[in-house]
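Below is one structure, written out as structure tokens; comments come after it.
Please treat every number below as a calculation from the coordinates, not as lab data. Predicted model only: the values in this text are computed from it and were never measured. All Cβ positions, glycine included, derive from the backbone under ideal geometry; neighbour counts span all protein chains shown.
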Amino acid sequence: MKKILVIGSAGQIGSELTLALRDIYGGENVIAGIRKTKPSEKLSETGPVEVVDALDMDNFVSVVKKHNVDAIINMAAILSATGEKNPMLAWDVNMNGLINVLEVAREFEMKQVLVPSSIAVFGPTTPRDNTPQETVLKPTTIYGVTKVAGELLGDYYVKRYGMDVRGLRYPGIISNETLPGGGTTDYAVAIYYEAIKNKKYTCFVNAETRLPMMYMPDCLKATIDLMQADFSKLRHHSDFNVGAMSFSVAELAESIKKHIPEFEIKYEPDYRQEIADSWPNSVDDSAARQEWGWEPEYDLDAMTKDMLEVIGDKHKKGLI
Ligand code: SER
């Protein structure tokens, strides 16, 4: 790959993934695609930034031509909670945006497309523990519906056109650079910020809610390792389960209390409880381990220590 376009570069994952890819492939070779959000200084100082709206084909194609893009990573999506507030918007961005990405990639004979999926592809009838790679995919959110369709579309483009399309089912991603927006797993990020700022947090899902989660360094590693894997060795393409850790909100709060003993948590579950309850507790990621050597590094306590250090530092500097 010579020129990678990251669509959604201002988002929670996109912002850090773009910088990580620039370290590997060179700043000029990784184009940050943003839509409305102002890019961070780090993003605009380390390489090209373009306004890219995958729903606007003229704009999208002009950026692809201008930079001779030969790989696309499509991180733009409406997540689960926002999706339930506006299902048509979720369909438009997640499906029409995706088919445009795949079609542009086909037309311009791109070397690779990476399309993330999510644990949201699972639903209430899926086995909850150690959820298998191949299992029931009957989600009850519009976000999940678009992610199942996205996986199927990705695999269709592999089979039908011989294209290189890859994707992984991200669990909840926890990070300290860019806040997530509109997801059900956002509580696992907000809790750290509130612990540092106010020593208390009111959680929108209950104490027993247990979901698969992953710290950003592992998310970047999983994404880049999958991108760099030997395509001929892959049996799956757009739908790899990737696990790292799994904890309840009560366990997350306990992990924070080891560092901030006075931390207090309250629970006021809202509509997002039902979404969380429809998702797995943990996933079986043996296909990712076997096919491209996936192995996570961070567990809950290692992540908590790091999160509190980084966010604590930002707080001291008055940045949050
Ligand atoms: N983090 C996402 C969400 O909560 C799941 O992929 O919607």
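Where does the longest stretch of the chain lie that holds no GluC sites (Glu not before Pro) found in a DSSP loop with 16 or fewer other Cβ atoms within 10 Å?
On the way: sites that count: GLU109, GLU134, GLU177, GLU208, GLU262, GLU297.
Excluding the exposed sites themselves, the longest stretch runs over 1-108.
Hey, how many Å between the Cα centroid of the stretch 84-125 and the Cα centroid of the stretch 298-320?
So the two Cα centres are separated by 32 Å.
Reported to two decimal places, what Rg/Rh ratio describes the chain when computed on Cα atoms with Rh from the Kirkwood expression? Walk me through the numbers on the way to the answer.
Details: Rg = 18.9 Å, Rh = 19.9 Å.
Here the Rg-to-Rh quotient is 0.95.
For the stretch 161-276, just run the numbers: alpha carbon Rg, then divide by 2.2 N^0.38 Å, N being how many residues it has. List each step's numbers first, then the result.
Details: Rg = 16.8 Å, N = 116, 2.2 N^0.38 = 13.4 Å.
In units of the 2.2 N^0.38 Å rule of thumb, it is 1.25.
In the stretch 201-307, which trypsin sites (Lys or Arg not before Pro) fall in coil by DSSP and have 16 or fewer other Cβ atoms within 10 Å? Could the numbers behind the result be given before it?
Numbers: sites: ARG210, LYS221, LYS233, ARG235, LYS257, LYS258, LYS266, ARG272, ARG289, LYS305; in loops: ARG235, LYS258.
Hits after loop and neighbour filter: ARG235, LYS258.
Nearest 10 degrees, 0 to 90: what angle lies between the long axis of helix 57-67 and the longest principal axis of the chain (Cα atoms)?
80 degrees
So how far, in whole Å, is the C-alpha centre of the stretch 24-73 from the one of the stretch 186-240?
24 Å
Most fluctuating residue of ASN130, ASN241, ASN198 in a GNM of the chain with Cα springs under 10 Å: which is it?
Most flexible of the set in this elastic network: ASN198.
If you scale each eigenvalue of the Cα gyration tensor by 5 and take the root, what three semi-axes come out for the stretch 73-143, rounded to whole angstrom and sorted largest first? Numbers along the way, then the final one.
Numbers: eigenvalues 127, 60, 14 Å².
Calculated on Cα positions only, the semi-axes equal 25, 17, 9 Å.
Over all Cα pairs of the stretch 223-282, how is the pair count split among 10 Å bins, expressed in % and running from 0 up to the last occupied bin?
15, 31, 26, 20, 9, 0
So what's the angle, to the nearest 10 degrees on a 0 to 90 scale, between helix 12-25 and the longest Cα principal axis of the chain?
Computed tilt is about 50 degrees.
Considering the Cα trace of the stretch 3-162, what is its radius of gyration and what is Dmax, both in angstroms?
Over the stretch 3-162's Cα set, Rg and Dmax evaluate to 16.1, 47 Å.
For a quick check: sort MET1, MET57, MET303, MET227 by the number of other beta carbons within 10 angstrom, fewest at the front. Display every interim value, and only then the final one.
Working: MET1 16, MET57 12, MET303 26, MET227 19.
Ranked by crowding around the Cβ, least crowded first: MET57, MET1, MET227, MET303.
Run lengths n ≥ 4 of DSSP H only: what is the helix-derived mean residue ellipticity at 222 nm for the chain, with -39500 (n - 2.57) per run over all residues, to the nearest 500? Show your work: numbers first, answer last.
Details: 13 runs with 135 residues, N = 320.
Theoretical 222 nm ellipticity from helices: -12500 deg cm²/dmol.
Contour minus end-to-end for ASN59 and GLU254, with contour as 0.36 nm per residue of separation and end-to-end as the Cα-Cα distance? Spell out each step's value before the answer.
Working: separation 195, 0.36 × 195 = 70.20 nm, distance 4.81 nm.
Going from the current span to full extension adds 65.4 nm.
Kindly express, to the nearest 10 degrees and within the range 0 to 90, the angle between helix 187-197's C-alpha long axis and the longest C-alpha principal axis of the chain.
60 degrees
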